[in-house]
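Derivation of every value follows stated rules applied to the coordinates shown; laboratory data play no part. Source: prediction; values computed, not measured. So basically every Cβ, Gly included, is an ideal-geometry build from the backbone, and we count neighbours across all protein chains shown.
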Amino acid sequence: MFDKRELLKNVNVCVDFTLLSPLATEKDIKKHCNIALKHHYYGVCINPVNVKIAKRYIQTELLKDIKVCTVIGYPLGENVSQIKIQEAKQAISDGVDELDVVISISRVKSGDYAYVKNELTRIVRISKKRVVKAIIETGYLTREEINKVVKICLKCRVDYIQTSTGYTLTRSTPEEVNYLDNLVGERCGIKIAGGVTTKAEAIEMVRAGAQRIGTSRII
């Protein structure tokens, strides 16, 4: 977890520089890693099919500690649990450092919280101490639903709760981040994604309680 004062001095160090376009080529992935290096970002967040490419390039060419993160169940989270688990296993085999897992919003809306808990528990278990972030899509949930999902995330011992995939039309706000921060305290980190396009916006989110910033923009 990052210290808030340090992040306000240099917010770049907590950025997951994101490239989830289906059009991204191997050349694009390498360029993306180069930009992350240049701007001293924490890591890159890419599609599962590109994990091995990015990891190899960072280790053999850049020779820097840039973390590789991928998404599980992206963009909707509506794959069955076994598919998500297999996807996570493959990403781990390919060398991923962090997993951003999209929970099933339909199960939350159906009141099937046991399903969400079971899925996250199994993924955390196989993560082998890699960082796991649970993407909960706060813009789709009521406050009551957010409260229940956050409790599940804490019980499952995820490392971060992430506000959004950035794929949906909803955009995260500082108010949402602050609400989550008050719920989790120091038990879990918060990652913001969706709507951060400038350094000023990133800093505003950190002030509200975020410790990680997911953005596809150079800030």
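Using the Karplus curve 6.51 cos²θ - 1.76 cosθ + 1.60 with θ = phi - 60°, what ³J(HN,Hα) values do you get for each residue of segment 97-111, in whole Hz, with x for Gly and Pro?
9, 9, 10, 9, 9, 7, 6, 7, 5, 4, 5, 5, 5, 7, x
In debye, nearest 20, what is the charge dipole magnitude of segment 25-107 about its Cα centre with +1 on Lys and Arg Cβ and -1 on Asp and Glu Cβ, if you could check?
With only Lys, Arg, Asp and Glu charged at Cβ, the dipole is about 180 debye.
Tell me the mean residue ellipticity at 222 nm calculated for the chain from its helices only (DSSP H runs of n ≥ 4, each -39500 (n - 2.57), averaged over every residue, nearest 500).
It lands at -12500 deg cm²/dmol.
Where nothing but the Cβ of Lys and Arg (+1) and of Asp and Glu (-1) is charged, how large is the charge dipole of segment 4-215 around its Cα centre, in debye to the nearest 20?
Dipole magnitude for segment 4-215 comes out near 580 debye.
On the Cα set of segment 4-215, report Rg and Dmax in Å, please.
Cα only, segment 4-215: 16.1, 48 Å (Rg, Dmax).
Using only the Cα atoms, what convex hull volume per residue in Å³ does segment 130-219 have?
In segment 130-219, the Cα hull volume divided by residue count equals 86 Å³.
I need the Debye-formula profile for segment 81-153: one equal scatterer per C-alpha, no solvent, reported as log10 I(q)/I(0) at q = 0.12, 0.18 1/Å, two decimals.
Evaluating at q = 0.12, 0.18 Å⁻¹ gives log10 I(q)/I(0) of -0.32, -0.67.
Checking a compactness column here: for segment 144-187, what do you get for Rg(Cα) / (2.2 N^0.38 Å), N being the number of residues?
Cα Rg divided by the expected 2.2 N^0.38 Å: 1.16.
Quick one: which residues, 5+ away or cross-chain, put their amide H under 5 Å from the amide H of V101? H built at 1.01 Å from N.
I72, K133, A134, I135
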